[in-house]
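A short worksheet on the structure shown next.
The values are calculated or read from the model by the stated rules, or taken from the named source; none is laboratory data. Source: prediction; values computed, not measured. Here the Cβ positions follow ideal geometry from the backbone for every residue, glycine too, while neighbour counts run over all protein chains shown. To get the accessible areas, we keep the full protein, side chains included, count just its heavy atoms, and leave off ligands, DNA and RNA. Shrake-Rupley method; radii C 1.70, N 1.55, O 1.52, S 1.80 Å.
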Amino acid sequence: MLNKISVNGTELEYEFCGTNTGEPVVLIHWGVAATWAEPLLDQPALTSRYQLLSYHRAGFAGSGPQQGPPVIAAHAAHCHQLMRELGITRAHIVGHSSSVPIALQLALDAPEAVHTLTLMEAARPAPPTDAERQFGTDVIVPAVQRYRAGDQAAAVDIFFRGVLGPGYRAALDHGLPGAFGQAIADADAFFTQEIPAIQQWPFTEDDAHRIGQPALAVLGTASPPMFAERHKLLLHWLPNAEPLDLPGLTHLLHAQDPAALADGLAGFFARHPIPEPC
C-alpha cells in the first residue's frame, strides 16, 4: 500500500518494507518507469535486517509533476527532503541506471545523509567511447524520434532493446510484471525530463573525488559493453569504491536474480554499518 507525502511542494508516493528497527536503505528507481524496486522488497537478506524505503520520483506513476527545469539536483533534493520528512537522517542509498546520478548528486549535496552508495550500471558518468556514441545513435535518437511521433510503445521498446537486449520482454514481464505498461505511462517523464537531465548533468572527476562514502559498483556481466566502461570509470574515479560483478546478468539484473543482488547488497551494508546515534 503506497502512502503519499508532500515534499518541496510535490506529492510523492512511497512505501516502507522490511524491519522498522533496521538501518534505512533508500531505493531510487531507474528513469524509464516507476516499476523497479519490487523484486528487492521481499528478499529476506534485506527485509530481515533493513528498513527499505521505495518511492516514486516526481513525474512518475502517481507522484506529482516535477517543478522547474529537469535537473538531477532537483531529484536529489527531493530524495533528501523525503528522508527528512520520514525521520531518516542517514541511509544506504541505492541507484540504478539513470538514478545513479541522483545518488551521486545526493552524496555531493547532502553528504551527511549518505552512509553508503550502491551504483548499479550507471547511465552517467560515461567515458567518450565508440560504444557510447553508438548507443546514442542506435538507441537514444530513434527512441526519442518515435516518442515525438506519438508512438510511446515503440519508443520504450527501442530503449529497452538497447539497454536490456533484443530478447528482453520475457525476462522483463517475468521479473517486473507491468513494467512495460508503466514505462509507456511514464514516457513523458522519461523522454522530456529524464534524458535531458542526464545529458546535462555536470559531474566531473573532481566531483567524484569529493565523494568519500563507501560505494558498491554493480555490473551484470551480460550487459552491453557501455555499462562495463562506465563501471570501470566509477571504480577509477571514486576513492572508496569496490566492484560487485553478477555473472550472466543484464541491465535487468535486480529482476533476473534478486536474491543474488540482495545478498551482495546486504553483505556490503554489513561491512559498513551505520553507527548508533550518540
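Using the heavy atoms of the protein chains alone and a 1.4 angstrom probe, what is the accessible area of the stretch 155-227 per residue in square angstrom?
41
Our note on the geometry: Cα centres of the stretch 171-247 and the stretch 1-45, 18 Å apart.
For Gly62, neighbours were defined as the other residues whose beta-carbon sits under 10 Å from its Cβ, and their charges (Lys and Arg +1, Asp and Glu -1) total -1. The alpha carbons of the stretch 59-173 give a radius of gyration and a Dmax of 16.5, 45 Å, in that order. Report in % the part of the accessible area of the chain that belongs to carbon and sulfur, leaving out ligands and nucleic acids; probe 1.4 Å. C and S atoms contribute 53 percent here.
Rolling a 1.4 Å probe over the heavy atoms of the protein chains gives the stretch 1-43 an accessible area of 40 Å² per residue. Computing Rg and Dmax of the Cα atoms in Å for the structure here picks out one of (i) 17.3, 57; (ii) 22.6, 91; (iii) 20.8, 61, namely (i). Rounded, prolate or oblate for the stretch 222-278? Axes are the square roots of the Cα gyration tensor eigenvalues, ordered a ≥ b ≥ c, and the cut-off for rounded is a/c under 1.5. Oblate. For the residues Arg161, Arg90, Arg230, a GNM of the chain with alpha-carbon springs under 10 Å puts the largest fluctuation on Arg161.
At the listed q of 0.11, 0.13, 0.18, 0.21 Å⁻¹, the Debye profile of the stretch 143-245, built from one uniform point per Cα, gives log10 I(q)/I(0) equal to -0.47, -0.64, -1.03, -1.14. What the Cβ-Cβ distance of Asn3 and Arg84 gives, at R0 = 25 Å and to the nearest 0.05, is a FRET efficiency of 0.95.
Over all other residues within a Cβ to Cβ distance under 11 Å of Ala107, the charged ones net out to -2, with Lys and Arg as +1 and Asp and Glu as -1.
Remark: the stretch 83-98, residue by residue, has Karplus-estimated 3J(HN,Hα) of 4, 5, 4, 9, x, 9, 8, 8, 8, 7, 10, 10, x, 9, 6, 7 Hz, where x stands for each Gly or Pro and the curve is 6.51 cos²θ - 1.76 cosθ + 1.60 at θ = phi - 60°.
Please label the shape of the stretch 47-121 as rounded, prolate or oblate, based on the square roots a ≥ b ≥ c of the eigenvalues of the alpha-carbon gyration tensor (a/c under 1.5 means rounded; beyond that, a/b larger than b/c means prolate, else oblate).
Here the stretch 47-121 falls in the rounded category.
Note: relative contact order over the chain, using C-alpha pairs below 8 Å and six or more positions apart, is 21 percent.
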